[in-house]
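The values are calculated or read from the model by the stated rules, or taken from the named source; none is laboratory data. The structure displayed is predicted, hence computed values, not measured ones. A quick note on method: Cβ atoms are made from the backbone with ideal geometry, for glycine too, and the neighbour counts reach across all protein chains shown. Ligands, DNA and RNA are stripped out before the accessible areas are found, and what is left, the full protein with its side chains, is counted by its heavy atoms. Shrake-Rupley method; radii C 1.70, N 1.55, O 1.52, S 1.80 Å.
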Amino acid sequence: MMNRFTGYLGQAVFYAFAAALAGYFATRPVYRQVPADQAQIKLMIKHGGVRVEDCRKLTTQELSKLPTTARRPIDCSRERSPVTVLLSIDGEPIYQAELQPTGLSKDGPSKAYEKFLVPAGRHLVEVRLRDDVRDQDYKYEGRLDADLKPWQNLAVEFDAERGGFHFR
Amino acid sequence: MQKYTAPLRVLFDAAERLLSRFFPPEWNPLLNLGALGFFFYWIITASGIYVYIFFDTGVWQAYASVEYMTNDQWYAAGFMRSFHRYASDGLVIVMLLHMLREFSLGRFRGIRWFSWITGIPVLLFVYVAGITGYWLVWDKLAQYVAIVSTEWLDHLPFFGQSVAGNFLSPTSLESRFFTLMIFMHIAVPLIALIVLWLHLQRVTKPRINPPRGLAIGTGLSLFVLSAVYPAVSQAPANLAEVPGSVGLDWFYLGAYPLLENLSGPATWTSAVVALLVVAAIPWLPPMKKPAAAVVDLANCNGCSRCLNDCPYNAITMQMRSDGRPFEGEAVVDPDMCVACGICAGSCPTSTPFRRMSDLVPGIDLPDRTIADIRADVHAEAERLSGDVRIMVFGCKNAEVAATVRSNSVGVVSLNCTGQLPPSFIDYVISRRLAEGVVIAGCSENACYNRLGTKWTTARIEGSRDPFLRASVPRERLKTVWAGRLGARMLRAQITTFDAVLSALGPYRTRHQRVAAKTTREAADDE
Ligand code: HEM
Ligand code: SF4
Ligand code: SF4
């Protein structure tokens, strides 16, 4: 150890250095995640497609073969259709996907959660969805003529019960 | 494993030496990292309780209540908020350094796994506490944390509902989720405290309070930092906007940019692999378990010295089982014993002056007995020649001792310097087996067995049982805390010691000195 005074001085320098380091990295450097002239479109879908096969009435003969506890008059295959989605901006498709149903027996909903950056400004946002393999056309459609501000977050959510796509 | 720990140890040694130029040894922050962790923990708890009084726990009111603290009550609640934040940063910093330092010292191998493994959940809990804490402010940073955390969780298959869906747009926000965060922010640190209690179960006399000087210095720096650069919120959260640019707390959230930009499988796999590797470290590769200390009841008088000196809580005193009229007897728990031998060094019956056939101490290490050590002392003494012979007792964890062996320097290996009963020093000098004794161990304050260097010093100073007899000439004894990397230092110290011994000449007892003086005086008279 040196003399008392230099000792304390050295300690003070150490504490100042440690505090400065902690204080600095507690908020900086600032992390820039999205360029300042971009906006974001966030697409979220959770929707169960239509069943692949229609339900079928069992014949009495078929029923009698089943154990008594399992005798239900209607047989339904549980598998669901994949859900097909198409999102385009100003007529250009930027996302297109066939979302497979979840679950082991493919009976769960299809899901998507996607984010896209687009330059801020006016855009025509169109989104379409089809939930039945037997269909050719899109059953649901949403369209928004949006004026996106920089860093705006436009949520596009699908809710079949409330009629389809919602923009927020 | 030592290949990996050595470079870190060099760094820690250098940093410790640098700090020791200004700090008295007991105040050195690097020697008090665990204690500083507790210190920060208490500050966080106290300031947290204070801040909670003013915090409004509704998601819509939270931001405003925090703003109120910082702006309208900057002198009290605002200050506490800064304390709370910076002490949390301090906690992560000292925790990570503590973990690295324990790693560099190798105090995690084999039987010492317990402290290492219980440290891991504490590490995770501290992070969860910090992350949920940033969440509560509900500013832009909180929004960023919420989105990245939930998107990361959504990569896991367990959640039926998308967790990130809660933060899709302003209308999806619910206060229920927010309440969960508040609950976690309080519960997780409490659980961490319980695990910390476990963390210390296998170490004796853990340092959990920093010495006053260090506490004052640390507290003052927190105070000054909070005054000069108070913690403030960023802009309020708004789910209709992307948190495009945020000031991150890099200590807690440093990994967030990675979580956000790498794929879910990549980040989850690396996180799980990293966790598994850290958890497996004590057994990489598996270490042969050293034989635990064994008590020899016939020689144990129940004095408790071994219990007081064991650094790993491995000894208890139990009811006497052999009917002899002593208070109790020492019992070793082999699962906790690291075979340092410190207990054998403390036992009053471990003295080399006893006849060879008798040298079975009350407690001893089967793989390296006190009798072995005495036999080695004799074998080395036999070999030595010259006017100045030196006997080095070297801790095997500071392997450097073997490098100084020569015709005039004998080396006897110990499991820890604390294994050496002080009477051995007396023995070597008074029986003239060597002119001087050197004890070479781990760097000061970095004893592999935590307390070996400390007890050795105290025994020599005469402040802890068993004492080195006062009549043993201290100028013939040298302790060198050179550590594993200090071969050069040890050689240099031995050279200077050699010169000192040479000037002292051969050892003579007080009686002989008095006799010699009388003869000289008689000769002068004639
Ligand atoms: C806030 C977090 C922590 C605190 C407050 C803390 C505190 C402590 C304290 C007070 C000691 C006793 C030191 C002594 O007196 O020798 C200790 C020992 C130890 N800690 Fe921690 N610790 C924390 C986290 C961790 C973590 C994350 C790890 C590693 C994964 C860890 C690994 C160890 C080890 C291996 C020892 C044992 C030392 C030995 O066997 O000698 N600790 N800790
Ligand atoms: S130090 Fe020796 S005598 Fe004392 S309790 Fe321990 S084993 Fe027994
Ligand atoms: S050898 Fe070390 S850890 Fe084992 S009982 Fe003795 S002092 Fe304790």
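State whether the residues of segment B:158-180 include one that is open to solvent by less than 20 Å² (accessible area, probe 1.4 Å) and at pLDDT 85 or above. The answer is no; no qualifying residue exists.
Does any residue of segment B:80-88 turn out to be more than 30 Å from B:P334 (Cβ to Cβ) and more than 14 Å from chain A (Cβ to nearest Cβ)? Outline the logic, then answer.
Residues of segment B:80-88 more than 30 Å from B:P334 (Cβ to Cβ): B:80-88.
Still in the running and more than 14 Å from chain A (Cβ to nearest Cβ): B:80.
Scanning segment B:80-88, I find at least one residue that is more than 30 Å from B:P334 (Cβ to Cβ) and more than 14 Å from chain A (Cβ to nearest Cβ), so the answer is yes.
Is it true that some residue in segment B:288-301 is within 14 Å of ligand 1 (Cβ to nearest atom), surrounded by 13 or more Cβ atoms within 10 Å (Cβ to Cβ), within 30 Å of B:A458 (Cα to Cα) and not assigned by TED's automatic domain parsing to the domain that holds B:A87? No, because not a single residue in segment B:288-301 is within 14 Å of ligand 1 (Cβ to nearest atom), surrounded by 13 or more Cβ atoms within 10 Å (Cβ to Cβ), within 30 Å of B:A458 (Cα to Cα) and not assigned by TED's automatic domain parsing to the domain that holds B:A87. If we scan segment B:293-300, do we find a residue that is more than 21 Å from B:G418 (Cβ to Cβ), of a type outside the set (S, T, Y) and part of a helix (DSSP H, G or I)? So far as segment B:293-300 goes, yes, one or more of its residues are more than 21 Å from B:G418 (Cβ to Cβ), of a type outside the set (S, T, Y) and part of a helix (DSSP H, G or I). Of the helices (runs of 4 or more DSSP H) lying entirely inside segment B:157-271, those containing at least 1 residues that are in the same structural domain as B:Q73 (by TED's automatic domain parsing), more than 30 Å from B:L33 (Cα to Cα) and out of contact with any Ser or Thr (no Cβ under 6 Å at 6 or more places or on another chain) are B:175-199, B:256-261.
Restricting attention to segment B:59-75, the residues that are open to solvent by less than 20 Å² (accessible area, probe 1.4 Å) and of a type in the set (G, A, S) total 2.
Checked against (1) outside any helix (DSSP H, G or I); (2) more than 26 Å from B:F38 (Cα to Cα), B:I147 passes all but a single condition, namely (1).
In segment B:374-387, the condition of being part of a helix (DSSP H, G or I), within 16 Å of ligand 1 (Cβ to nearest atom) and not small (G, A, S) is met by no residue.
Within segment B:327-352, restricting attention to residues that are away from ligand 1 (no atom under 16 Å from the Cβ), open to solvent by less than 10 Å² (accessible area, probe 1.4 Å) and assigned to a loop (DSSP other than H, G, I, E, B), the residue that is nearest to B:V203 (Cα to Cα) is B:G328. Within segment A:135-168, if we keep just the residues that are within 12 Å of chain B (Cβ to nearest Cβ) and among the acidic types (D, E), the residue that is surrounded by the most Cβ atoms within 10 Å (Cβ to Cβ) turns out to be A:E157.
Scanning segment B:353-371 for residues that are within 24 Å of B:R476 (Cβ to Cβ) and surrounded by 14 or more Cβ atoms within 10 Å (Cβ to Cβ) gives B:R354, B:L359, B:I370.
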